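Before any comments, here is the structure.
The values are calculated or read from the model by the stated rules, or taken from the named source; none is laboratory data. Computed from a prediction, not measured in an experiment: that's the story for all the values here. Glycine gets a Cβ as well: all are built from the backbone with ideal geometry, and neighbour counts include every protein chain shown.
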Amino acid sequence: MKGTIGFYGTWRAPINSDIYQLAEEIGAIAARRGHVVLTGAYSGIMEAAPKGARQVGGRTSGYAWSALESLLTPNAFLDEVITFSALEDRLARVVADADVCVFFPGRTGTIAELALATEMRAKGEMHFPLVLIGEFWESFFEWLERSNTALGFPSDSMSAGELRVRIDTAEQFDQFLRKYEHHWY
C-alpha cells in the first residue's frame with residue numbers, strides 16, 4: 001500500500017446522489033492506485049468512498065464513535081473499524097492518519113475535520129494540498145482569509161496553490177494523485 005487517503009463529508013448523501021457517486025468513483029481511483037481509503041465509518045460519503053475502493057479490491061478503514069452505537073452502525077465496506085470513546089480523539093485521528101484529505105460537502109463534523117486539516121496543513125504537519133470537491137467549501141476559505149486580514153495576518157499564507165486544490169471530477173482527482181503521490185514516499 002502506498003498511503004492513506006481520508007474522505008470526509010455528509011452522512012446524509014443518498015446513494016443515487018451525484019456526490020455519493022463521485023465519492024464512490026474517487027474511492028475506486030484511490031484504491032486502484034494502491035491507497036487505503038479512510039473514513040468516519042458511517043453512511044453517505046463515509047460509505048461511498050470505501051464502497052468504490054472495495055469494488056476494485058482496495059483496503060478500507062473507518063473510525064467510529066462509541067456514542068453513536070445506538071444510532072448508527074459502521075458501513076459494510078470497511079475492512080477495519082476502530083471505535084473511539086472521545087469524539088475529539090476520533091476527529092483528530094481521522095485527519096492526522098490521512099496522507100491526503102478529500103472534503104465533500106458536509107456539516108459540522110466535516111467543518112471540524114476541515115478546520116483541523118487546514119490548521120495542520122498551514123503549520124506544516126501535512127504536506128499536500130487539501131482536496132476540496134466542488135465549490136462547496138470556497139466560502140470557508142473566503143471567511144478564513146477575511147479573518148486573517150482583519151487580524152493583520154498576511155493572506156498569502158493561504159494561497160490556493162499551497163493549501164488546497166479544487167476537484168470537480170474523478171478524472172481531476174486521478175490527475176491530482178499522479179501529480180503528488182510520488183512525493184509521498
Residue, surrounded by the fewest Cβ atoms within 10 Å (Cβ to Cβ), within the range 44-87, restricted to residues that are part of a strand (DSSP E or B) and among the hydroxyl-bearing types (Ser, Thr, Tyr): THR83
Could you tell me whether THR118 is in a helix (DSSP H, G or I), at pLDDT 95 or above, closer than 22 Å to PHE176 by Cα and among the hydroxyl-bearing types (Ser, Thr, Tyr)? no
Just to be sure, is PRO14 surrounded by fewer than 18 Cβ atoms within 10 Å (Cβ to Cβ) and assigned to a loop (DSSP other than H, G, I, E, B)? yes
Residues of the range 115-146 satisfying the condition of being more than 14 Å from the chain's Cα centre (by Cα) and of a type in the set (Gly, Ala, Ser): ALA122, GLY124, SER139
Close pairs from the range 166-184: first farther than 18 Å from GLU25 by Cα, partner surrounded by 13 or more Cβ atoms within 10 Å (Cβ to Cβ) and hydrophobic (A, V, I, L, M, F, W, C), Cβ under 8 Å, at least 6 apart: TYR180/VAL100; TYR180/PHE128; HIS183/PHE128; TRP184/PHE128
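Each row is one residue, and each column tells you yes or no for (1) modelled with pLDDT under 95; (2) assigned to a helix (DSSP H, G or I); (3) among the hydroxyl-bearing types (Ser, Thr, Tyr); (4) loosely packed, with under 13 Cβ neighbours inside 10 Å.
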site: GLY106; (1), (2), (3), (4): no, no, no, no
site: GLU113; (1), (2), (3), (4): no, yes, no, no
site: GLY124; (1), (2), (3), (4): yes, no, no, yes
site: SER139; (1), (2), (3), (4): yes, yes, yes, yes
site: SER147; (1), (2), (3), (4): yes, yes, yes, yes
site: SER157; (1), (2), (3), (4): yes, yes, yes, yes
TYR8 versus (1) among the hydroxyl-bearing types (Ser, Thr, Tyr); (2) without any contact (Cβ under 8 Å) to a residue 40 or more places away in the chain; (3) in contact with a Leu (Cβ under 9 Å, 6 or more places away or on another chain): which is the lone unmet condition? (2)
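Conditions (1) within 25 Å of GLU125 (Cα to Cα); (2) in contact with a Ser or Thr (Cβ under 9 Å, 6 or more places away or on another chain), marked per residue:
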| residue | (1), (2) |
| --- | --- |
| GLU47 | no, yes |
| ALA53 | no, yes |
| GLY62 | yes, yes |
| SER66 | no, yes |
| PHE84 | yes, yes |
| ARG93 | yes, no |
| ALA98 | yes, yes |
| VAL102 | yes, no |
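A quick yes/no check of all residues on (1) in contact with a helix residue (DSSP H, G or I) (Cβ under 7 Å, 6 or more places away or on another chain); (2) within 19 Å of THR110 (Cα to Cα):
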position	(1), (2)
GLY3	no, no
ALA30	yes, no
HIS35	no, no
LYS51	yes, no
TYR63	yes, yes
PRO74	no, yes
PHE77	yes, no
GLU88	no, yes
